[in-house]
Amino acid sequence: MTHDQETPAPDFNHESDRADSTPQSPSRPERRGSAFLNFFSSLLGSKNPLAKAADPHKHTVWLFDNTAYQAIPEGENTPSTSWQAEVVACIFEKEGRKDVGKWVAAIADHIGLDGEVGSDKETRERIKKRVQPFLDSVSPSQTLTIESGVQGAAQSHPIGPSDRNGIISQTIDLDASGVRDGTVVLPHVKDFKLPVAKAETKFAAPEGWMVISDIDDTIKRTMTMETTGILRTTFAEEPVPIGGMPEFYRHVQDELNPAWFYLSASPYNLYPFLHAFLHDHYVLGTLILRDYSWMDIGGLIRSFTEKTQEYKVDRIEKIHRWFPLRRVLCIGDSTQKDPEAYAEIYRKYPSWIHAIIIRKVTDVSDMEEKNKPERFEEAFRDIPSDVWTVFEDPKELYDFVDGLGMEDQDL
């Protein structure tokens, strides 16, 4: 399915709504040749001779927040004095699909608009805004230049080209030493308009605490067990934090002063939506999402459930390579595979994972089996009982985190 084809309204429960991670084609048939050339050249990798600079008049660019780290060379225990950071940028064609109204109508019909989430007009405008990134054509084989200033010195870093999903993910050397832990700089994409082309880079020292947190149904109400719930909370409603969790996360910040990583199985199309949610309710950190773009909303639904354990373990492995000396607190929930994913990582790196917290989700239907004590006991089999805990009310967790803070006094 390509974006220049007439597509039927989505059937969110039908198997034919299969997710496709192939790049999206432009909406106008006369641009097919150019789109094919961009896609083909994107397969050539970083040595791509056909790559070209993204054009601010033709492209939209998102630049993700990230965390700078001091790499530890393989086989050594001493971190490098220089800093690196993985830069992630997404590039879309400005000329997107014109049939957004059809998708808005399909979502509105599926969730049964009844005034509970605002006026019909207000809600449809909200759906339109949030669904558009799923319909915009991604732009492979484009390059960008990142400009920043570290310790008063201007820096310029060419990155790219973008892959077949319109994503650039590239580690850069920040050419700096002696930067203090917690320092923040604001890189931006040269020639592109702010704010989406600007990000925040936070420098995190090799040692200290780190939080790796899930988002959906851990800190944000998503209802991942229900198709209608996912659609309502993702497209139609203003996002709602889980009761008591913003206050608890501020307590974690005060007690541990950690580096923050938010790890979600959502596709990167939701980055602006989730970033704004974190900005409004939680401590900002690096937001890690699945690195492909769905061509249908049915694919979004499956992204919350398909191979989430494998995906999260893979991404946490990357974080471990960046910060192998940090002490890690993992926070997740019982809807999907967070307990199993965190337990798998603990068994690989028991001296790295210091604590695991799982929210037992009781405000979503059909959770009886997933919330059985036997499920958690099996997931955390052979893991010390003082390492993990399951909770319903965040107030239960304050003493647990205070105990972690005591570790700093013992060092």
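The values are calculated or read from the model by the stated rules, or taken from the named source; none is laboratory data. Model, not experiment: these values are computed from the prediction. Cβ: placed from backbone, ideal geometry, glycine included. Neighbour counts: every protein chain shown. For the accessible areas, the whole protein counts, side chains as well, though only heavy atoms, and no ligand, DNA or RNA atoms are used. Shrake-Rupley method; radii C 1.70, N 1.55, O 1.52, S 1.80 Å.
A compact table of results
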| read-out | value |
| --- | --- |
| Count of residues meeting criterion [within 21 Å of Pro384 (Cα to Cα) and of a type in the set (Lys, Arg)] in the stretch 315-347 | 4 |
| Candidates Ile331, Ile288, filtered to the one that is outside any helix (DSSP H, G or I) and within 26 Å of Ser365 (Cβ to Cβ) | Ile331 |
| The stretch 361-377 residues that are acidic (Asp, Glu), paired with ones that are surrounded by 12 or more Cβ atoms within 10 Å (Cβ to Cβ) (beta carbon under 6 Å, 6 or more apart) | Asp366/Met225 |
| Qualifying residue in the stretch 144-156 (condition: buried (at least 18 other Cβ atoms within 10 Å of the Cβ) and part of a loop (DSSP other than H, G, I, E, B)) | no |
| Inter-residue pairs, beta-carbon under 8 Å, first basic (Lys, Arg) and in the stretch 115-129, second modelled with pLDDT under 90 and open to solvent by 30 Å² or more (accessible area, probe 1.4 Å), 6+ apart | Arg124/Leu113; Lys128/Gly101 |
| Test for Ile383: is it aliphatic (A, V, I, L, M), open to solvent by 10 Å² or more (accessible area, probe 1.4 Å), in contact (Cβ under 8 Å) with a residue 24 or more places away in the chain and farther than 30 Å from Gln132 by Cα | yes |
| Members of the stretch 179-190 that are in contact with a Ser or Thr (Cβ under 8 Å, 6 or more places away or on another chain) and open to solvent by 30 Å² or more (accessible area, probe 1.4 Å) | Val184, Leu186, His188, Lys190 |
| Tally of residues being of a type in the set (A, V, I, L, M), part of a loop (DSSP other than H, G, I, E, B) and at pLDDT 85 or above across the stretch 90-120 | 0 |
| Among (1) of a type outside the set (A, V, I, L, M); (2) part of a loop (DSSP other than H, G, I, E, B); (3) at pLDDT 95 or above; (4) on the phi < 0 side of the Ramachandran plot - the single one Asp382 does not satisfy | (4) |
| Looking only at the stretch 354-374, and only at residues there that are under 28 Å from Trp209 (Cβ atoms) and not in a strand (DSSP E or B), the one that is least open to solvent (accessible area, probe 1.4 Å) | Val361 |
| Residue match in the stretch 318-330 (condition: at pLDDT 95 or above and within 21 Å of Asp393 (Cα to Cα)) | yes |
| Hey, Trp83 open to solvent by less than 30 Å² (accessible area, probe 1.4 Å) and at pLDDT 85 or above or not | yes |
| Index of the failed condition, Asp338 passing every other in (1) touching an Asp or Glu at 6+ places or on another chain (Cβ under 9 Å); (2) charged (D, E, K, R); (3) modelled with pLDDT of 95 or more; (4) surrounded by fewer than 21 Cβ atoms within 10 Å (Cβ to Cβ) | (4) |
| So Thr305, is it β-branched (Val, Ile, Thr) and open to solvent by 20 Å² or more (accessible area, probe 1.4 Å) | yes |
